[in-house]
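Student: One structure, pasted below without further comment.
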Amino acid sequence: TSVSFATITVGGSGKFPFSQLLSIDDSSIIASNGAKVTLPNVTKYTMSGKRVGFKFTADGNGSEISFPELTEIADPTDQYYSDLLVATANGGVISFPKLTSVQGAPFRASGAGSHIDAPLLSTAYDSEFVAYAGSTVSIPELTTLRHGEKWGGVKVDGDGTFDMPKLVNVERPEFAVT
């Protein structure tokens, strides 16, 4: 089953496995107030450039979104208005255990306990990584960060932390620590 140009919003405590979904291109997933959302069969996310404002958001303590099999987030159109915002706030967590490549997606964590985890991510093009106020972005295998038309940097504010010890190939980056 696939959905596109949809928003799936789940709130409240409980686990919500969406095992029937194989494709969620051009869609948003939002978990709040302790909801735990898992999309175990989504392997790739692609933006078509036909609409703006897609997001994966986990907001609130205990709120989690997990993509256990997702390996790639792609924006083949490279349109300025076509991005996917990956964001955690107020203790939310998003995990991508098999993600290796990202194009056109800013990753932003904000607030104590908020965490974005992409342990195998090695290449990011036109993407940004931001950690604010006690949050963590964990991308320990990131080796290549290229600035495109939209994004391309790392920003840390307050007590935010990053884990990216292997970053060696950087093209036109923006780095900021405040």
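The values are calculated or read from the model by the stated rules, or taken from the named source; none is laboratory data. Note that the coordinates shown come from a computational prediction; the quantities given were computed from them, not determined experimentally. Cβ: placed from backbone, ideal geometry, glycine included. Neighbour counts: every protein chain shown. Calculation scope for accessible area: heavy atoms of the full protein, side chains included, ligands and nucleic acids excluded. Shrake-Rupley method; radii C 1.70, N 1.55, O 1.52, S 1.80 Å.
Student: Name every residue in region 126-146 that is open to solvent by less than 50 Å² (accessible area, probe 1.4 Å) and either in contact with a helix residue (DSSP H, G or I) (Cβ under 9 Å, 6 or more places away or on another chain) or not in a loop (DSSP other than H, G, I, E, B) (or both), in order of residue number. Reasoning before the result, please.
Tutor: Within region 126-146, the subset open to solvent by less than 50 Å² (accessible area, probe 1.4 Å) is 126-131, 134-140, 142-145.
Passing the criteria: GLU128, PHE129, VAL130, ALA131, THR136, VAL137, SER138, THR144, LEU145.
Student: Filter region 154-171 down to residues that are closer than 17 Å to PRO106 by Cα and of a type in the set (D, E, K, R) and give me whichever is most open to solvent (accessible area, probe 1.4 Å).
Tutor: This residue is GLU171.
Student: So, one more: State whether the residues of region 133-144 include one that is hydroxyl-bearing (Ser, Thr, Tyr), modelled with pLDDT under 90 and over 10 Å from the mean Cα position of the chain (by Cα).
Tutor: Looking only at region 133-144, we keep the residues that are hydroxyl-bearing (Ser, Thr, Tyr), and these are 135-136, 138, 143-144.
Still in the list and also modelled with pLDDT under 90: 144.
This time we only want the ones that are over 10 Å from the mean Cα position of the chain (by Cα), so: 144.
Checked region 133-144: at least one residue is hydroxyl-bearing (Ser, Thr, Tyr), modelled with pLDDT under 90 and over 10 Å from the mean Cα position of the chain (by Cα).
Student: Please name all residue pairs, on different chains or six or more residues apart, with Cβ atoms under 7 Å, provided the first residue is in region 119-135 and is closer than 16 Å to LYS166 by Cα and the second residue is open to solvent by 10 Å² or more (accessible area, probe 1.4 Å) and acidic (Asp, Glu).
Tutor: So the pair list comes out as PRO119/GLU141; LEU120/GLU141; LEU121/GLU141; SER122/GLU141.
Student: Here is a follow-up. Here are some residues: ASN33, ASN41. Which one is more than 18 Å from PHE96 (Cα to Cα) and surrounded by fewer than 23 Cβ atoms within 10 Å (Cβ to Cβ)? Write out each step before concluding.
Tutor: On the way: ASN41 fails: more than 18 Å from PHE96 (Cα to Cα).
Testing whether each residue is more than 18 Å from PHE96 (Cα to Cα) and surrounded by fewer than 23 Cβ atoms within 10 Å (Cβ to Cβ) leaves just ASN33.
Student: Listed residues PRO76, PRO106; which is under 16 Å from the mean Cα position of the chain (by Cα) and at pLDDT below 90? Quick ask: steps written out before the conclusion?
Tutor: Numbers: PRO76 fails: under 16 Å from the mean Cα position of the chain (by Cα).
Only one candidate passes the filter, namely PRO106.
Student: Restricting to region 1-36, name every residue that is within 18 Å of GLU69 (Cβ to Cβ) and hydroxyl-bearing (Ser, Thr, Tyr).
Tutor: Listed by number, the residues that qualify are THR1, SER2, SER19, SER23, SER27.
Student: Can you tell me how many residues within region 14-29 are out of contact with any Phe, Trp or Tyr (no Cβ under 8 Å at 6 or more places or on another chain), within 18 Å of SER4 (Cα to Cα) and either among the hydrophobic types (A, V, I, L, M, F, W, C) or in a loop (DSSP other than H, G, I, E, B) (or both)?
Tutor: The total comes to 5.
Student: If I filter region 61-74 for residues that are more than 22 Å from PHE18 (Cα to Cα) and surrounded by fewer than 20 Cβ atoms within 10 Å (Cβ to Cβ), do I get at least one hit?
Tutor: Within region 61-74 (the criterion being more than 22 Å from PHE18 (Cα to Cα) and surrounded by fewer than 20 Cβ atoms within 10 Å (Cβ to Cβ)), the answer is no, since none of the residues qualifies.
Student: Could you grab the pairs with beta carbons closer than 7 Å, sequence gap of 6+ or different chains, first residue in region 85-104 and polar (S, T, N, Q), second one in a loop (DSSP other than H, G, I, E, B) and open to solvent by 30 Å² or more (accessible area, probe 1.4 Å)?
Tutor: Note: pairs meeting the criteria are ASN90/ASN61; THR100/THR71; THR100/LEU120; THR100/SER122.
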